[in-house]
Amino acid sequence: MDEPFGAVDAMTREAMQAEFEKIIEETRQTVVFITHSIDEALTLADRVVVVSNRPGRVMDIVKVDLPRSRFDEGVRRSARFGELREYIWSQLQSQALGAKTTGGNR
């Protein structure tokens, strides 16, 4: 799924994410989901694969060890959510600013 919720407003996006989470829970299907939103990745994923700019390469694979449902405000405001968000941003920051970076495994 390549940014399936990218063209909808914020409220619809969150409703669709919640429905998507329910479908995945019920079907137990594996989905490769592409997003530029760190929060969306942490909300929906079990693992986040951080990919570099061109040439695209895997910089890191981050296990998302947060309880579900991640739509719970307690989870989104937890220290662990913040730690994961900051770690992924640190991996992407130099890419976003146009500099070269190296990635490690976490």
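The values are calculated or read from the model by the stated rules, or taken from the named source; none is laboratory data. If you're wondering where the values come from, they're calculated on a predicted model, not measured in any experiment. Neighbour counts are summed over all protein chains in view; Cβ atoms, including those assigned to glycine, are modelled from backbone coordinates with ideal geometry.
Assorted remarks:
- Applying a threshold of 7 Å to beta carbon distances and a minimum spacing of six or more residues, or different chains, the list of pairs starting in the stretch 41-54 at a residue that is of a type in the set (Asp, Glu) and ending at one that is modelled with pLDDT of 95 or more reads ASP46/VAL64.
- Selection status of VAL62, in contact (Cβ under 8 Å) with a residue 24 or more places away in the chain and under 21 Å from TYR87 (Cβ atoms): yes
- Checking each residue in the stretch 1-14 for being surrounded by fewer than 12 Cβ atoms within 10 Å (Cβ to Cβ) and either hydrophobic (A, V, I, L, M, F, W, C) or in a helix (DSSP H, G or I) (or both) picks out MET1, ALA7, ALA10, MET11, THR12.
- Looking across the stretch 15-30, the residues that are of a type in the set (S, T, N, Q) and loosely packed, with under 13 Cβ neighbours inside 10 Å come down to THR27, GLN29, THR30.
- In the stretch 31-74, the residue that is surrounded by the most Cβ atoms within 10 Å (Cβ to Cβ) out of those that are among the charged types (D, E, K, R) and part of a loop (DSSP other than H, G, I, E, B) is ARG70.
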